[in-house]
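Written below as structure tokens is the structure these notes are about.
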Amino acid sequence: MASRVRTGHQVLLRREHKNPILTADDWPYPAHTVMNPGATLLEDGTTLLLCRVEDRRGISHLTAARSHNGVSGWEIAPTPTMMSDPQARPEELWGIEDPRIVYAEELGVYVITYTAVSINGPGVALSTTTDFHTFEHYGFIMSPDNKDSALLPRRIGGNWALIHRPSNPEGAHIWISYSPDLRHWGSHKLILASRRGTWWDANKIGLSPPVIDTPRGWLMLYHGVRTTASGSIYRVGLALFDRDEPERCLLRGDDWIFAPEEPYEREGDVDDVVFPCGYTIGPDGDTLNIYYGAADTCIALARASIGELLEWLDRNGRPYQATPPIDSVIGRPEERLAI
């Protein structure tokens, strides 16, 4: 996949010319906005997006949209696919948001992690399905405040691994935790910290789509948030983690690789946001189809080459160690933690 250079910087994610590919106007029932879809390929090659749909109350649910080519001809479920159920699951009082989908071959199920908004704040919930019609709900697996989560598709050292983003008033950073059964989680480790100051990923970062399994390691696209005088800007960066020890970051890029540029990304319910939650891989094993929410208002698609992303990290990344969160941290000032 050929890339191009724009104003001196390599363009790694190339937008679909039909963007946005889904908006609330496409929905078969009333919706305020649609955004932040999880994505997967079904056995028949169909692309399934599990879209966050916000209603006019401000409460979100999840609805499946299917397409044979992953771009157009979407068949959207006529009713919500996953609704919050506060009576059965109090952690979902104010809706469910931002799903990530991973197929766990060992279990023969799709594992969906998502944000459930409780009276105490957002936490990580987990459900499984084989058909996106019926679900087994596990409830909260990470208590508030926590979000931006995805499972690794295979066990690590006999345990399942979950990447997630707890936060506190001092900052928000990416962690990994382990579980023997998807219900009980421990061995929590900080794996990627937000930076400080004026960096594009200062003070708040989070996982974007699930990490990508490559021969080089787990390739992570993550979002970073910079707060400016006119609001926040959500951009996307890259990091690479060891395949057998995913808590060990091998390379982290200093620059962002994708940012709001188009009108549908710059203006909406929340301006200046690109927020990927899902991807599929093309038949060539290299093309990433990255599905993202734009300005918290619509859904768009961009494509990238896994090989190009890894090559970019080789040139522009450097080894990284998640330093313990202490005030006396030693290192370059721009990398001192915000916690």
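The values are calculated or read from the model by the stated rules, or taken from the named source; none is laboratory data. Since the model is a prediction, treat every value here as computed from it, not as a measurement. Neighbour counts run over all protein chains shown; Cβ positions are idealised from the backbone, glycine included.
Remarks
- So residue 260, is it touching a residue at least 24 places away in the same chain (Cβ under 8 Å), surrounded by fewer than 22 Cβ atoms within 10 Å (Cβ to Cβ) and in contact with a helix residue (DSSP H, G or I) (Cβ under 6 Å, 6 or more places away or on another chain): yes
- Residue 17 meets all of the listed conditions (1) farther than 23 Å from residue 281 by Cα; (2) free of Cβ contacts under 8 Å to residues at least 12 places away in the same chain but one, namely (1).
- Of the residues making up segment 226-242, those that are at pLDDT 95 or above and outside any loop (DSSP other than H, G, I, E, B) are 233, 234, 235, 236, 237, 238, 239, 240, 241.
- All of (1) out of contact with any strand residue (DSSP E or B) (no Cβ under 6 Å at 6 or more places or on another chain); (2) buried (at least 21 other Cβ atoms within 10 Å of the Cβ) hold for residue 22 with one exception: (1).
- Residues of segment 73-108 classified as exposed (fewer than 15 other Cβ atoms within 10 Å of the Cβ) and under 15 Å from residue 37 (Cβ atoms), total: 1
- Pair list, Cβ under 9 Å, 6 or more apart: segment 131-153 residue more than 15 Å from residue 119 (Cα to Cα), other residue among the acidic types (Asp, Glu) and part of a loop (DSSP other than H, G, I, E, B): 137/85; 153/105; 153/106
- Among the candidates 307, 268, the residue that is more than 17 Å from the chain's Cα centre (by Cα) and either part of a loop (DSSP other than H, G, I, E, B) or closer than 13 Å to residue 13 by Cβ (or both) is uniquely 268.
- Residues satisfying the stated conditions in segment 173-190, i.e. within 30 Å of residue 227 (Cβ to Cβ) and either in contact (Cβ under 8 Å) with a residue 60 or more places away in the chain or hydroxyl-bearing (Ser, Thr, Tyr) (or both): 173, 176, 177, 189, 190
- Residue 245 vs. criteria among the acidic types (Asp, Glu), under 26 Å from residue 19 (Cα atoms) and not in a strand (DSSP E or B): no
- Scanning segment 201-224 for residues that are at pLDDT below 95 and surrounded by fewer than 19 Cβ atoms within 10 Å (Cβ to Cβ) turns up just one, 202.
- Qualifying residue in segment 2-17 (condition: closer than 19 Å to residue 112 by Cβ and at pLDDT 95 or above): no
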